[in-house]
Every structure is written in structure tokens, then in C-alpha cells.
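The values are calculated or read from the model by the stated rules, or taken from the named source; none is laboratory data. On a predicted model such as this, the values are computed, not experimentally measured, just so you know. Note that each Cβ is placed from the backbone with ideal geometry, even for glycine, and that neighbours are counted across all protein chains shown.
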Amino acid sequence: MLTLMLSAQALAHGDVTPQAVDTAGLDPLGEEWLDQNPYGEDYEQRDLAVEIGASAYNQNCARCHGLEGVSGGIAPDLRYLAPGFDGDEWYKYRVVNGAVRDGRVYMPKMAEHLSQEALWAIRAWLETKYVEE
Ligand code: HEC
């Protein structure tokens with residue numbers, strides 16, 4: 001119940017209380033955004049990236065996008081995002097730009113709150129949840 005109330009509130013104000021994400025162990029990426037997930041399937045620390053991404057997602061995205069990536073309908077179900085480069089491009093676009101319509105913030109610019117490392121780790125985890133449409 002508390003979670004539900006909090007998510008309704010977060011949505012109403014479009015604000016965000018980012019939770020610090022510890023990305024130690026992953027290759028540092030710098031400020032410049034990459035077009036493709038450097039922690040993709042072939043990444044040697046893939047398991048670590050997925051693990052970090054899982055908790056980072058649950059702390060920062062789940063209240064809108066749903067626990068475990070299963071959307072309750074408030075925001076799109078991210079499990080349907082195409083794996084690999086196609087999904088990466090759109091993923092990057094959204095986390096960098098957020099979503100604003102008619103001056104209302106539907107999704108905050110998450111890249112202003114979380115590091116690129118944390119956001120690509122989340123993407124790595126999401127790929128493990130991929131569901132074909
Ligand atoms: C305050 C609620 C909120 C939070 C927090 C939030 N999002 Fe979103 N997100 C949305 C909404 C609403 C949309 C749909 C925007 C639209 O289509 O106009 C969206 C869209 C997206 C999309 C595009 C999905 C598609 O199918 O087009 C991605 C990718 C995404 N969000 C990733 C994330 C990630 C990763 C996080 C956490 C780091 C996050 N979001 C946090 C509300 C949120």
C-alpha cells in the first residue's frame with residue numbers, strides 16, 4: 001500500500017528521489033553517452049552488470065515501470081524493448097531525454113540522476129527479462 005501511494009505521488013509530481021547505485025567492478029564509461037550498451041551479452045562482467053541493474057531498476061524505475069519489469073499499466077512494460085542495438089538506441093533516448101508532454105513530466109530525465117554505468121546496467125538486466133511481442 002505504501003508503495004502504491006508513493007508511486008502515485010511520484011507520478012503526480014514527476015519528480016524523482018534517485019537512489020545511489022554502486023557500479024564498482026564495471027568498466028567506467030565517462031560522461032559522453034554511448035549509443036550501444038557496453039555491458040551487452042558479450043561483456044565479460046555481464047553477470048555483475050545484470051545484478052547491479054536489477055537492484056538499480058527496482059530502486060529507480062519500478063515505481064513507474066513495475067516490479068521485476070512487469071508494468072501495472074502506469075508506464076510501458078520495458079520487457080518488450082528489443083534486445084541489442086535496436087532497443088539500446090531507444091532506451092538511451094528515453095533515459096537521457098525523459099518524456100514530457102504538454103509541459104507535464106511523465107518520465108524524468110533519468111540520466112540527470114543516475115550514472116551512465118548504472119543506466120546501462122539496468123538495460124543489461126532488462127534484456128534478461130525480454131519478452132517477445
Ligand atoms: C515517474 C515515472 C517514471 C520513472 C521513475 C521512470 N519512467 Fe520510464 N517512462 C515513464 C513513462 C510514463 C513512459 C512513457 C513515455 C511516453 O511514451 O510518452 C516511460 C518510458 C520509458 C521508456 C520507453 C519505453 C517504450 O516502450 O517506448 C524507457 C526505455 C524507460 N521509460 C526507461 C526507464 C528507466 C530505465 C527508468 C529508471 C532508471 C525509468 N524509465 C524511470 C515513466 C517513468
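Among the residues of the stretch 90-108, those identified as touching a residue at least 12 places away in the same chain (Cβ under 8 Å) and surrounded by 13 or more Cβ atoms within 10 Å (Cβ to Cβ) are TYR91, LYS92, ARG94, VAL95, VAL96, GLY98, VAL105, TYR106, MET107, PRO108. The conditions of being crowded, with 19+ Cβ neighbours inside 10 Å, modelled with pLDDT of 95 or more and under 13 Å from the mean Cα position of the chain (by Cα) are met by GLY66. Taken over the stretch 43-53, the criterion of being assigned to a helix (DSSP H, G or I) and more than 10 Å from the chain's Cα centre (by Cα) is satisfied by ARG46, ASP47, LEU48, ALA49, VAL50, GLU51, ILE52. For the stretch 89-126, the set of residues classified as in a loop (DSSP other than H, G, I, E, B) and out of contact with any helix residue (DSSP H, G or I) (no Cβ under 8 Å at 6 or more places or on another chain) consists of ASP102, GLY103, PRO108, SER115, listed by residue number. Scanning the stretch 63-113 for residues that are within 8 Å of the ligand (Cβ to nearest atom), aliphatic (A, V, I, L, M) and under 24 Å from GLY40 (Cα atoms) turns up LEU78, LEU81, VAL95, MET110. Every test in (1) in a helix (DSSP H, G or I); (2) more than 8 Å from the ligand (Cβ to nearest atom); (3) farther than 23 Å from GLU133 by Cα is passed by ALA56 save one, and that test is (2).
Of the residues making up the stretch 74-89, those that are over 13 Å from TYR57 (Cα atoms) and crowded, with 20+ Cβ neighbours inside 10 Å are LEU81, ASP88. Pairs meeting the criteria (first residue in the stretch 68-88 and within 25 Å of PRO38 (Cβ to Cβ) and in a helix (DSSP H, G or I), second residue among the aromatic types (Phe, Trp, Tyr) and more than 10 Å from the ligand (Cβ to nearest atom), beta carbons under 7 Å, at least 6 apart or on different chains) are ARG79/TYR130.
Among the residues of the stretch 29-41, some residue qualifies, meaning at least one is more than 14 Å from the ligand (Cβ to nearest atom), hydrophobic (A, V, I, L, M, F, W, C) and surrounded by 15 or more Cβ atoms within 10 Å (Cβ to Cβ).
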